[in-house]
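Single-structure report; data block below.
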Amino acid sequence: MTHLPVCHDFTCPTCGKSVITWDESTSSTQQVPLLVIAPSVPREARAAGSFNHYSLLPTTEQLLGLTPVLGAAASAPSMVAAFNL
């Protein structure tokens, strides 16, 4: 985490976005932690809905302005609105 200040200009709301997610759950709920770090994300923000690993692809593609969203990710919810990206 010591490299995040280098990667982010926290004074620029459209600069530097990082998503850190865990790959596997050790609980029966199959929930994994996800950190969304960006100047536009409010402190301690939590999404009201749920996301899955496929949600990361439409989120990334939307942020990069790419279309169409590919494969199973096409029906996955994007995280852009939920985290004010």
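Data table
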| read-out | value |
| --- | --- |
| Residue within segment 22-34 that is modelled with pLDDT of 80 or more and in contact with a Pro (Cβ under 7 Å, 6 or more places away or on another chain) present | yes |
| Subset of segment 35-82 (residues that are in a helix (DSSP H, G or I) and among the hydroxyl-bearing types (Ser, Thr, Tyr)) | 54, 55, 59, 60, 75 |
| Candidates 45, 82, filtered to the one that is of a type in the set (A, V, I, L, M, F, W, C), loosely packed, with under 15 Cβ neighbours inside 10 Å and at pLDDT 85 or above | 45 |
| Residue that is farthest from residue 85 (Cα to Cα), among those in segment 1-21 that are at pLDDT 70 or above and hydrophobic (A, V, I, L, M, F, W, C) | 20 |
| Those residues of segment 66-85 which are within 15 Å of the chain's Cα centre (by Cα) and more than 24 Å from residue 44 (Cα to Cα), in sequence order | 73 |
| Those residues of segment 34-85 which are touching a His at 6+ places or on another chain (Cβ under 9 Å), under 21 Å from residue 16 (Cβ atoms) and of a type in the set (A, V, I, L, M), in sequence order | 37, 38 |
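The values are calculated or read from the model by the stated rules, or taken from the named source; none is laboratory data. Note that the coordinates shown come from a computational prediction; the quantities given were computed from them, not determined experimentally. Note that each Cβ is placed from the backbone with ideal geometry, even for glycine, and that neighbours are counted across all protein chains shown.
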